[in-house]
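Below: the structure, in structure tokens.
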Amino acid sequence: VTKDLHPGLDWQGGVPVATRFGDPYFSLENGLAETRHVFLQGNDLPARFRPGFHIAELGFGTGLNCLAALALWKDAGIAGPLTFTSFERFPMAAVDMARALAAFPELAPLAEPLARGLARDAARYQTPDLTLDIIPGDARDSLPAWAGQADCWFLDGFAPARNPELWEPALLAEVARHTAPEGTAATYSAAGAVRRALAEAGFEVERRPGYGRKRHMTTARLT
Ligand SMILES: C[S@@+](CC[C@H](N)C(=O)[O-])C[C@H]1O[C@@H](n2cnc3c(N)ncnc32)[C@H](O)[C@@H]1O
């Protein structure tokens, strides 16, 4: 791993913080509860799950969102694997991923095999329940070239003020272009610029109550 590709990590009470962005990978309070509120409920999951459902994400990070979605998929008992595609420029080392995910013992049966799998192959992880592709590089380059379409998106860059690349209007237009009809997106951010860019991209944008101390979050549906 070259220095340029490394996010640089600090740990705050078990939560990894990317020194390059000065921002934690997930809520310092309860990352799993925040993921469930923002990304799962925000995309009306599990109600929308059906065989072949495809989730895409900006920012794989620790894999927490992916694992929370996988746990919900398994509970829902849908036949076949969940498809999950995540765009990640600064892949985290598997040991750091495992350390971060150790905070969520209920995910351990899924997290441990994932970390082992990604230590062998950082780009693809396949089980009977999950087909995971992690697409390396800057999402601004890799998403336009992607041939897939997602039923829903987890927009999970670091805070827009610190990681503006992952919230650029041109990138959010590519998100819309890679969303199936009636597909959705959700983010913890309620920033006006993000909401406007999603609306310009063709989404119907809705403000919902945020998680914890965040008053609002954003959901979006392609119409
Ligand atoms: C808040 S973290 C994501 C947390 C993650 N979803 C999880 O479940 O742990 C933001 C992620 O976006 C990635 N990132 C930042 N800029 C990027 C870019 N231009 N292209 C792709 N990924 C990027 C960071 O490396 C980081 O992993």
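Here, each number is a calculation from the coordinates, and none is a lab measurement. Predicted, not measured: the structure shown is a model, and the values here were computed from it. Reconstructed Cβ throughout: ideal geometry from the backbone, glycine too, with neighbour counts over all protein chains shown.
Order these by the 10 Å Cβ neighbour count, fewest first: Asp121, Asp133, Asp151.
Going from least to most buried by this count: Asp121, Asp133, Asp151.
Please express the Cα-Cα pair-distance distribution P(r) of the chain as a list of whole percents, one per 10 Å bin, running from 0 to the bin with the greatest distance.
8, 36, 41, 15, 0
Taking amide H atoms as placed 1.01 Å from N in the peptide plane, list the residues 5 or more away in sequence, or in a different chain, whose amide H sits under 5 Å from that of His216.
When sequence neighbours closer than 5 places are left aside, the close amide H contacts are Gly210.
Using Cα pairs closer than 8 Å and at least 6 residues apart in sequence, work out the relative contact order for the stretch 1-130, in percent.
The normalised contact order for the stretch 1-130 reaches 24 percent.
Once you have the alpha carbon radius of gyration of the stretch 29-93, what is it after dividing by 2.2 N^0.38 Å, with N set to its residue count?
Rounded to two decimals, the normalised Rg is 1.10.
With each run of n ≥ 4 DSSP H residues scored as -39500 (n - 2.57), what mean residue ellipticity at 222 nm is computed for the chain after dividing by its residue count and rounding to the nearest 500 deg cm²/dmol?
Estimated from H runs of four or more residues: -8000 deg cm²/dmol.
Using alpha-carbon positions, what is the distance between the centroids of the stretch 124-153 and the stretch 156-223, in Å?
Between the Cα centres of the stretch 124-153 and the stretch 156-223 lies a distance of 18 Å.
Each residue of the stretch 200-210 in turn: what ³J(HN,Hα) in whole Hz from Karplus with 6.51, -1.76, 1.60 and θ = phi - 60°, glycine and Pro shown as x?
Going residue by residue, I get 5, 6, x, 8, 8, 9, 10, 9, 10, x, x Hz, with x marking Gly and Pro.
Sort Trp73, Trp153 so the one with the fewest other Cβ atoms within 10 Å of its own Cβ comes first.
Trp73, Trp153
Using θ = phi - 60° and the Karplus relation 6.51 cos²θ - 1.76 cosθ + 1.60, list the HN-Hα couplings for the stretch 104-115 in order, rounded to whole Hz, with x at every Gly or Pro.
With coefficients 6.51, -1.76 and 1.60, one gets 10, x, 5, 8, 3, x, 9, 6, 5, x, 4, 4 Hz.
Work out, step by step, the length gained on full extension between Arg215 and Ala79: first 0.36 nm times the residue separation, then minus their alpha carbon distance; give nm to one decimal.
Gain on stretching Arg215 to Ala79: 45.3 nm.
In whole percent, what relative contact order does the chain give with Cα contacts below 8 Å and a gap of six or more residues?
Once normalised by length, the contact order is 20 percent.
What ³J(HN,Hα) values, in whole Hz, does the Karplus curve 6.51 cos²θ - 1.76 cosθ + 1.60 give for the stretch 74-89 when θ = phi - 60°, with x put for Gly and Pro?
Residue by residue, the stretch 74-89 yields 5, 4, 6, x, 6, 5, x, x, 6, 9, 9, 10, 10, 9, 9, 8 Hz.
Among 173-183, 28-38, 83-93, what's the highest-first ranking by average C-beta atoms within 10 angstrom per residue?
83-93, 28-38, 173-183
In terms of modelled amide H atoms, which long-range or inter-chain residues lie less than 5 Å from the amide H of Asp138?
none
Any idea how far apart Glu200 and Arg20 come out in nm if each label point goes 7 Å out from Cα toward Cβ?
It is 2.6 nm.
Using Cα-Cα distances under 8 Å and only pairs 6 or more residues apart, what relative contact order does the stretch 141-223 have, in percent?
Relative contact order comes out at 30 percent.
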